[in-house]
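The structure appears below as structure tokens.
The values are calculated or read from the model by the stated rules, or taken from the named source; none is laboratory data. Nothing here was measured: the structure is a model prediction, and the numbers come from that model. We place every Cβ from the backbone using ideal geometry, glycine too, and count neighbours over all the protein chains shown.
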Amino acid sequence: MVLILAVAFAIGARGRSGPVTDAQRVKHIASEIRCPTCRNQSAAESDAAAAKAVRDEIDRRVRAGQSDGEIVAFMVSRYGSDILLKPEGSGVASLVWALPVVAVVVALFGLAVAFRRWRSRPGVDVSAEDRALVERELQREDA
Amino acid sequence: MSDVDLAVSRSRRHTARWAAISLGVVLLLFVAVLATRKSAADKQAESPLLGKQAPSLTGSGLDGSQVSLASMHGKWVVLNFMASWCVPCREEHPELVKFTQRHQVADDATVLGVIFDDTQPNVRRFFSELGGSWPVVDDPGGHTALDFGVRGPPESFLVDPNGFVVWKGIGQVNADGLDKLLRQGKARGA
């Protein structure tokens, strides 16, 4: 059991550790960069000339010893943050992540308030006149 | 109809009226925003390069000579990314010709073309057909386009005489719009 857990942990840890070779690093970084001339396709996937230029630039910088963060920062310094396929987690862009969470929390709160209100709604007072009306209708239906 | 039904119906009409008024106001604001936007000709596009020194640009010109942005220091430069297959580039070209002609005597401004995803022979034919005699740099690997954060032609940058990027436009430019930008830049003391 201990051996199985150790092997599983080793495999899991290996899966989480990022790309190793330069080519894998280039592919990984390019997969986070939007192809400049296409819509919603990464520079790693696209065959467009601009995507190839991005891959070449990443490759050149990887070989020059730059970190992933430095390379991504260079791309952002040229195209702006919308060149990233995943929005940044800081500044105004972080709203993309925060707003759905806020919306869900607000919706849950609204539902809770609505349920509470429905539960605590006071019973309707039924007058003698109303009872007589229902009685009459029931008798008419039976007849 | 009972008093309760009447009250409910009145309340619903009231809500519907307010919903319609709110929707109308939002639509009016939307139309107002669209109607008051600047025309694309002199609309500034976002770029992290604005206010910064232009990246270095050197390449082979259509006549085989070496062309560089640095050699144009002291002049206003309209850096125009273009391609012969690009219809808006074809449409804006006469405006760039007009712009260079206006500044020929004063020699204070010029255009520098950069080929975007196209070949030199195609661009040579484009110029012989439509005119224009400014330098055009080849960008075979697309590295200059990447350095300037260009997504597709036509895109233009205005570089001031000190080599700073002061404006970026996506889409067609026109001579009047460029002259207006130049006047504004000169007024700011560039």
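Things worth noting here:
- Residues in segment A:63-80 that are more than 11 Å from every other protein chain (Cβ to nearest Cβ) and over 13 Å from A:Ala43 (Cβ atoms): A:Arg63, A:Ala64, A:Gly65, A:Gln66, A:Ser67, A:Asp68, A:Gly69, A:Glu70.
- Residue check for B:Gly149: farther than 13 Å from B:Cys86 by Cβ, in contact with a Pro (Cβ under 8 Å, 6 or more places away or on another chain) and within 14 Å of chain A (Cβ to nearest Cβ): yes
- For segment A:12-32, the set of residues classified as modelled with pLDDT of 90 or more and outside any loop (DSSP other than H, G, I, E, B) consists of A:Asp22, A:Ala23, A:Gln24, A:Arg25, A:Val26, A:Lys27, A:His28, A:Ile29, A:Ala30, listed by residue number.
- Taken together, the residues in segment A:33-62 that are within 14 Å of chain B (Cβ to nearest Cβ) and outside any helix (DSSP H, G or I) amount to 13.
- Taking the criterion of being out of contact with any Lys or Arg (no Cβ under 8 Å at 6 or more places or on another chain), surrounded by 23 or more Cβ atoms within 10 Å (Cβ to Cβ) and of a type in the set (A, V, I, L, M, F, W, C), the residues of segment A:25-57 that qualify are A:Ile29, A:Ile33, A:Cys35, A:Ala51, A:Ala53, A:Val54.
- One residue stands out among those in segment B:114-145 that are touching a Lys or Arg at 6+ places or on another chain (Cβ under 8 Å) and more than 14 Å from chain A (Cβ to nearest Cβ): the one that is surrounded by the most Cβ atoms within 10 Å (Cβ to Cβ), which is B:Phe126.
- Whichever residue in segment B:64-110 is in contact (Cβ under 8 Å) with a residue 60 or more places away in the chain and aromatic (Phe, Trp, Tyr) and, among such residues, is farthest from B:Leu146 (Cα to Cα): B:Phe99
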